[in-house]
Structures are given as C-alpha cells and as structure tokens.
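Notes to accompany the following structure.
Readers should treat all values here as calculations from the given coordinates under stated rules, not as data from a laboratory. Note that the structure is predicted; figures quoted are calculated from it, not measured. Here the Cβ positions follow ideal geometry from the backbone for every residue, glycine too, while neighbour counts run over all protein chains shown.
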Amino acid sequence: MRRARRRPQGRHRPDARTGAERRVSQLLIVVSAPSGAGKTSLVRALVERDSNLEVSVSYTTRPRRPAEVDGRDYRFVSQATFNGMARAGDLLEYATNFGFDYGTSQARVREAQAAGRDVVLEIDWQGAQQVRAQLDDAIGVFVLPPSREALRARLEGRGQDGPDVIERRMRQAIDDMTHCAEFDYAIVNDDFEDAVAALARIVTAERRGERAPVPAIAGLLAELLATR
C-alpha cells in the first residue's frame, strides 16, 4: 500500500568517525484519515509520549466549537486572514472541507524543525498531496477505521452532527479512503493503544532511516470501499 518514495541524499549522511549513517534533518510526518477515524486522538497521544515530536496546529476558517481551544486544536482565523496567508505563500498546504478552509503554516513547521523537533501534520489527503509534491521525503501515514459500522458509531458518538451531516461525512470518508494507497503506511485504529504503538514504531524506524513493517490491509480496505 506504499508508493515508492525517494529519500534525498541530504536526509542521511555517513558519520566520518564511525561510517554509520546519521540523520541530519528532522522528520515531517503527515497523518491523514477520514473524519471519525480517530487521527486527532492518536496524534495527541503520540506527541504526549515523545518529547521530540511537535504537532503543527492547522489554521482554519471554521468556527470554534465549545470544547476547542484556540492554538491547541486549531488556530481560528477569519476568511480574509486565511486568504491573505494563501496569497502570500505562507501556507505549506491548504484545502477546503465541508465549506471551511484549513492550512498549515510553513514558518511554524520550519521553526519546529530548526529547534530539532520532528513535526507531525494532521491534515487531509488533499493537503498531504500538496506537501508531498513539494517535499518528497515527507512520510505519509493513513489511519483507517476497523469497519464502516465503527466509523459511523464514532461519528454519532461525538454528538456534533445531525443525521444528514453524518451521512455526508460517511460518503466523504469513503472517498477519502480511496487515497489510502498514496501513503507510505496505513494503520487501523481498532484498539487505540495498538494504533498509537504502530504510529510510534513508524517514527522510530524512520528516525533510523529504516521502514517500519507494513501490515496487510488490502482485505479491510476492500470491505471499507465496497458498494453497499
């Protein structure tokens, strides 16, 4: 399920003293998923357990929900501000979802990497395509739900949307999952702790310049995308 990814020569260089490879630049990890698959919770848990990881908080024009905190969940801005950032080239990527714009600040990613931290982007597949078109050493991870039924239950359990919106999200989720094969890795968020551990293994392997083991998901993906 992984696309071929060329690792630039600058990512790893031989250590003159030992001959071993050493990493000279920070990782950029792009985590995508359909709405309700649990990527936000997974990324937060991963970052809490790894002090060298920083999640890049996206900018959005979406109104803030009651439980959300500006600067933690998103950076909430006006449409005019967002449009200005896009025109000025300040955004590494941006996309529109359900009528609202979302984007990643180039400067904030660079600042975190300059400070020696690996950066996680929690964005949709559209944004992931933009990032990886510019930075082909970015690492793509797609999070899948264990079933359509589980995904619907999670969307309903959030208590944020009515039946019509949930149906729209389910249709969008199926479309999103057709892009899974564009990513380097896919993990299934069935058991939360197992999924966090799978993410952590990917980070650990990539820091070593290696590839983490890839589980077989073709059967599950076929079920998730099957016409019903």
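Here are the numbers:
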{"quantity": "Given (i) 1, 7, 14, 18, 18, 14, 7, 3, 2, 2, 3, 3, 2, 2, 1, 1, 0, 0; (ii) 1, 5, 8, 10, 11, 10, 11, 11, 10, 8, 7, 5, 3, 1, 0, 0; (iii) 1, 6, 14, 18, 20, 18, 12, 7, 3, 1, 1, 0, 0, the label whose value is P(r) over Cα pairs in 5 Å bins from 0, in percent derived from this model", "calculated": "(iii)"}
{"quantity": "5 angstrom amide H check on GLU54, placed H, neighbours 5+ away", "calculated": "ASP118, VAL119, VAL120"}
{"quantity": "³J(HN,Hα), Karplus 6.51/-1.76/1.60, whole Hz, each residue of the stretch 141-150, x for Gly, Pro", "calculated": "10, 10, 9, 10, x, x, 6, 5, 4, 5"}
{"quantity": "Contour minus Cα-Cα distance for GLN160 and ASP191 (0.36 nm per residue)", "calculated": "8.9 nm"}
{"quantity": "The chain, relative contact order in percent, only Cα pairs under 8 angstrom and at least six apart counted", "calculated": "29 percent"}
{"quantity": "Long-range HN-HN contacts of VAL30 with modeled amide H, under 5 Å", "calculated": "LEU121, ILE139, GLY140, VAL141"}
{"quantity": "From phi via Karplus (6.51, -1.76, 1.60), per-residue ³J(HN,Hα) for the stretch 161-178 in Hz, x at Gly/Pro", "calculated": "10, x, x, 5, 5, 4, 4, 4, 5, 5, 5, 5, 4, 4, 5, 4, 5, 5"}
{"quantity": "Cα lying deepest toward the dipole's positive end in the chain, options GLN134, GLY219, ILE166, charges on Cβ", "calculated": "GLN134"}
{"quantity": "Spherically averaged projected area in nm², based on the convex hull that wraps the Cα atoms of the stretch 32-137", "calculated": "7.0 nm²"}
{"quantity": "Pair VAL69, ARG211: separation of 7 Å Cα→Cβ label points (nm)", "calculated": "3.9 nm"}
{"quantity": "Proxy reagent accessibility, fewest Cβ within 10 Å first, across SER105, SER147, SER32, SER51", "calculated": "SER51, SER147, SER105, SER32"}
{"quantity": "Check: the stretch 55-94 dipole with +1 on Lys, Arg Cβ and -1 on Asp, Glu Cβ, in debye", "calculated": "120 debye"}
{"quantity": "Estimated dipole of the chain in Debye, rounded to 20 [Cβ of Lys and Arg +1, of Asp and Glu -1, Cα centre]", "calculated": "600 debye"}
{"quantity": "Long-range amide H partners of LEU91 with built H, under 5 Å", "calculated": "GLN106"}
